[in-house]
Structures are given as C-alpha cells and as structure tokens.
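Take a look at the structure below.
Each reported figure results from applying straightforward, stated rules to the coordinates on display, with no laboratory input. Given the structure is predicted, the values throughout are model-derived calculations rather than measurements. All Cβ positions, even for glycine, are placed from backbone atoms using ideal geometry, and neighbour counts span all protein chains on display.
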Amino acid sequence: MKEYDNDVWQKVSFEISKAKGITGDTSLLSVQQPLAELGLDSLKLVEIVYQLESFYQLDVDEERLSELEKVGDLIALFSTELSIPMGALGTTRDCENVDCQEN
C-alpha cells in the first residue's frame with residue numbers, strides 16, 4: 001500500500017479545486033481520478049503546476065507533465081521533487097493502485 005504526504009495532497013487538491021472554480025471541501029478528490037475527467041486541459045494543468053512550483057519554490061521538468069494522468073501522479077511528482085518520504089509527516093492519504101514512488 002502506498003501513501004502520500006498529507007500537506008502535498010492538500011495543496012494539490014486546493015490548486016485543482018481553484019483551477020476548476022470550486023471552493024470549500026476538496027476532500028472528495030480521489031487520487032485515482034484521471035485529470036482529464038476533472039476537465040483539466042493541458043493549459044490548466046500547466047497553471048496548476050506553476051502555482052505548485054511557486055509555492056514550493058521548485059522547478060519541475062516540463063517533460064514530466066506529459067506523464068501526469070491522475071491526481072495521484074501530480075501529488076507524487078511534488079512529493080518526489082520535495083524529497084518527502086511518502087507518509088513521513090504524519091497523516092497520509094492512501095494511493096493504492098496509483099503509480100507513485102515509495103520511499
């Protein structure tokens with residue numbers, strides 16, 4: 001079973017919700033939900049990644065964006081870029097059956 005860092009999960013969920021114009025509870029987003037099903041085209045995805053890069057002061061390789069298919073992929077990308085061992089900061093989200101790195 002794989003787990004995600006809760007802080008990254010919450011920030012990614014917030015940015016996805018903000019891009020979709022949703023306010024309030026973002027806990028209904030599933031890590032296994034395809035980004036395309038959320039109505040996120042490539043431009044919206046780039047905007048979300050830019051916001052996350054700015055927040056975390058990172059520079060993600062743009063070629064990696066084409067690999068992002070699910071919400072969990074985006075969370076795993078930033079968890080990996082931050083070098084956060086999955087589940088290291090306490091509360092975590094389950095990402096079973098999602099391609100993310102385990103540390």
statement: Sorted by chain and then number, the residues having a modelled amide H within less than 5 Å of the amide H of Lys70, at least 5 places away or on another chain, are Leu35
statement: By the mean-Cβ-within-10 Å protection proxy, highest first, 72-78, 58-64, 13-19, 38-44 rank as 72-78, 13-19, 38-44, 58-64
field: Lys/Arg +1, Asp/Glu -1 at C-beta; segment 15-74 dipole; positive extreme among Leu74, Gln33, Gln51
entry: Gln33
Residue-wise HN-Hα coupling along segment 43-54, computed from phi with Karplus coefficients 6.51, -1.76, 1.60 (Hz; x: Gly, Pro): 5, 4, 5, 4, 4, 5, 4, 4, 4, 5, 4, 5
